[in-house]
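Below is one structure; the comments refer to it alone.
The values are calculated or read from the model by the stated rules, or taken from the named source; none is laboratory data. This one's a predicted model, so the numbers in the text were calculated from it and none came from an experiment. Here the Cβ positions follow ideal geometry from the backbone for every residue, glycine too, while neighbour counts run over all protein chains shown. In case anyone asks, the SASA skips ligands and DNA or RNA and just uses the protein heavy atoms, side chains included. Shrake-Rupley method; radii C 1.70, N 1.55, O 1.52, S 1.80 Å.
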Amino acid sequence: MAIYMLFDNPADKRNMTFLGEYETASIQQVYPEHKCNSTKEMMQACKEIIKQSADGDTIICWYDFMAVLCWWLCKVQFKKRKIIAVNILLKDKNTAKNKMAKMLYKPMLKSKDVQATVTSRKYGEHLNEMLGIQKKYDLLHDIYHGGYSIDYKGNVIPNTVFCGGWNGRDWDFLIEIAKAMPEVTFNCVMPKNKWEQHKDSFSDNMVVKSDIPEKEFLEFMCQSQLVVMPLDTKAPAGLIAFYQATANGKMSITSDTVTTQEYFADGRGALCGGNVDDWKSKIQFYLQHSADADACAVKFKNYLESECSEEKYAKTLWRMLAE
């Protein structure tokens with residue numbers, strides 16, 4: 001029986017070479033020619049992998065929604081494939097789009113032909129509650145590849161915090177926090193559409209950039225004392241930015257969610273509720289106690305190197321295939 005791993009972006013190829021160093025070397029990695037930016041493009045990639053594979057084969061989907069598409073395509077075409085959906089990212093929102101997504105995910109996750117991974121145990125429980133199902137998920141953390149450090153030698157500017165990235169950032173709430181802390185500079189990097197949406201409400205202590213190259217993003221992060229990341233979802237979000245922060249010696253302060261609890265427990269970071277004063281006091285404390293902030297960053301780095309390593313990822317994936 002063949003095993004395929006389907007990706008939505010050819011740029012992921014350089015990060016996945018490590019699978020060739022373990023038993024996972026037998027997995028055939030399949031990449032589209034271009035990044036799949038639409039459901040139509042994802043659907044096309046899914047159709048091709050189903051056509052390429054045979055009954056009884058396994059298709060691992062790096063992007064969870066492609067697993068949903070593969071499962072439904074197999075169902076309507078009466079084809080038997082085992083599907084592994086990596087890192088379910090379903091949000092709990094009250095939008096028409098999200099309600100539709102739940103209707104598509106639920107039958108797939110209930111299927112005995114589907115295995116699924118979550119990046120936090122509690123998020124798996126939350127997912128079951130949200131969909132009214134009883135699925136057993138495998139815990140598979142996002143991969144900490146290392147190599148995120150830029151060996152920054154420049155200055156760290158006192159009283160600065162950084163917030164940046166794309167998925168799941170609560171920019172409205174961050175602006176509220178910034179307005180409550182005029183003595184602190186908030187260095188922000190957001191997508192162009194978010195910049196357009198919020199530009200009239202930025203406070204004077206916010207330095208906001210949009211759509212900058214990764215090197216500039218990381219330097220801007222390294223100039224700041226802490227990473228501060230309010231999130232608008234319980235689903236996994238911001239993890240790569242947290243990995244980048246940690247590799248560059250920065251502590252993270254973020255929202256207390258079923259996902260972040262998995263990563264930041266035991267003093268590996270600080271978690272805050274939906275209250276501006278909670279954020280304000282934790283940010284002030286760690287700006288003034290840099291040794292404590294550094295200790296959190298070191299603890300988190302040790303955790304990532306042991307629990308989120310490439311080896312652990314490959315071995316967990318292989319165990320799932322063996323099951």
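Using Cα pairs closer than 8 Å and at least 6 residues apart in sequence, work out the relative contact order for the chain, in percent.
On the way: 533 pairs, mean separation 50.8, N = 323.
Relative contact order comes out at 16 percent.
Take the Cβ-Cβ distance between residue 43 and residue 79 as r, set R0 to 22 Å, and report the resulting FRET efficiency rounded to the nearest 0.05.
Details: r = 15 Å, r/R0 = 0.69.
Using R0 = 22 Å, I get an efficiency of 0.90.
Karplus couplings for segment 193-204 from phi (6.51 cos²θ - 1.76 cosθ + 1.60, θ = phi - 60°), rounded to Hz, Gly and Pro as x?
Taking θ as phi minus 60°, the curve returns 5, 6, 4, 4, 5, 10, 4, 7, 10, 5, 8, 5 Hz for segment 193-204.
Starting from a Cα-only point model with no solvent, please compute log10 I(q)/I(0) by Debye for the chain at q = 0.10 1/Å.
Taking Cα atoms of the chain as identical point scatterers yields -0.62.
Mind giving me the FRET efficiency for residue 201 and residue 54? R0 is 56 Å, r the Cβ-Cβ distance, nearest 0.05 is fine.
Working: r = 55 Å, r/R0 = 0.98.
That gives a FRET efficiency of 0.55.
I'd like the orientation of helix 64-77 relative to the chain: the angle between its Cα long axis and the longest Cα principal axis, in ° from 0 to 90, rounded to 10.
Once rounded, the angle reads 20 degrees.
If you take every DSSP beta bridge fully contained in the chain, what fraction is antiparallel? Give it as a percent rounded to 5. Could you put the intermediate results ahead of the total?
Details: 1 of 35 bridges.
Bridges in the chain are about 5 percent antiparallel.
Let me spell out the model: positive unit charges on the Cβ of Lys and Arg, negative unit charges on the Cβ of Asp and Glu, origin at the Cα centre of segment 26-168. What dipole size does that give, in debye rounded to 20?
Numbers: 22 positive and 13 negative charges, 128 e Å.
The calculation lands at about 620 debye.
Of 156, 98, 123, which is farthest towards the positive pole of the chain's charge dipole, taken about the Cα centre with +1 and -1 on the beta-carbons of Lys, Arg and Asp, Glu respectively?
98
Under the 0.36 nm per residue contour assumption, what length would be gained going from the current alpha-carbon distance of residue 35 and residue 153 to full extension? If you can, show how the numbers build up before the last one.
Numbers: separation 118, 0.36 × 118 = 42.48 nm, distance 3.43 nm.
Fully extending the segment from residue 35 to residue 153 adds 39.1 nm.
Calculate for the chain the 222 nm mean residue ellipticity that helices alone would give, adding -39,500 (n - 2.57) per DSSP H run of length 4 or more and normalising by residue count, nearest 500 deg cm²/dmol. Walk me through the numbers on the way to the answer.
Values: 12 runs with 138 residues, N = 323.
Rounded to the nearest 500, the figure is -13000 deg cm²/dmol.
To the nearest 20 Debye, how big is the dipole of segment 210-256 about its Cα centre, given +1 on the beta carbon of each Lys and Arg and -1 on that of each Asp and Glu?
Working: 3 positive and 6 negative charges, 35 e Å.
For this selection, approximately 160 debye.
Could you point to the residue in 317, 39, 207 farthest towards the positive end of the chain's charge dipole, with +1 and -1 charges on the Cβ of Lys/Arg and Asp/Glu respectively?
39
Place the peptides 66-74, 213-221, 301-309 in order of packing, highest mean first, counting for every residue the other Cβ atoms within 10 Å and averaging per peptide. Write down the numbers at each step before the final one.
Values: 66-74: 22.7, 213-221: 14.8, 301-309: 16.4.
In decreasing order of mean packing, 66-74, 213-221, 301-309 become 66-74, 301-309, 213-221.
Using a probe of 1.4 angstrom, how much of the accessible area of the chain is carbon and sulfur, in percent?
Values: 7680 of 15380 Å².
Summing carbon and sulfur atoms, their accessible area is 50 percent of the total for the chain.
Can you compute the charge dipole magnitude of segment 117-215 about its Cα centre, using +1 on each Lys and Arg Cβ and -1 on each Asp and Glu Cβ, nothing else charged? Give it in debye, rounded to the nearest 20.
In total the dipole reaches around 240 debye.
Under 5 Å between amide hydrogens, which residues at least 5 positions from residue 207 or on another chain qualify, with H placed 1.01 Å from N in the peptide plane?
When sequence neighbours closer than 5 places are left aside, the close amide H contacts are 186, 187, 188.
Helix 39-52 versus the longest principal axis of the chain: what angle, 0 to 90°, nearest 10, using Cα atoms?
With rounding to tens, the tilt is 40 degrees.
Which order do peptides 158-171, 270-283 fall in by mean Cβ count within 10 Å, highest first? Spell out each step's value before the answer.
Working: 158-171: 20.1, 270-283: 16.1.
Ranking, from highest mean packing down: 158-171, 270-283.
Which net charge results when you count Lys and Arg as +1 and Asp and Glu as -1 among the other residues whose beta-carbon is under 12 Å from that of residue 239?
-2
From the backbone phi of segment 217-224, what are the Karplus-calculated ³J(HN,Hα) couplings (6.51 cos²θ - 1.76 cosθ + 1.60, θ = phi - 60°) in whole Hz, Gly and Pro given as x?
4, 5, 5, 4, 5, 5, 6, 9
Per residue, how many Å² of accessible area does the chain show with a 1.4 Å probe?
On the way: 15380 Å² over 323 residues.
So the chain comes to 48 Å² accessible per residue, rounded to a whole number.
Around residue 309, what is the net charge, scoring Lys/Arg as +1 and Asp/Glu as -1 over all other residues with Cβ under 14 Å from its Cβ?
On the way: positive: 301, 312, 315; negative: 21, 142, 305, 307, 310, 311.
Charge balance near residue 309 sits at -3.
With an 8 Å Cα cut-off and a minimum separation of 6 or more residues, compute the relative contact order for segment 139-258 in percent.
On the way: 191 pairs, mean separation 42.0, N = 120.
Relative contact order comes out at 35 percent.
Please give me the summed charge of the neighbours of residue 117: other residues whose Cβ is under 15 Å from its Cβ, Lys and Arg +1, Asp and Glu -1.
Values: positive: 82, 121, 122, 135, 136, 312, 315, 319; negative: 64, 125, 138, 142, 262, 307, 323.
The answer is +1.
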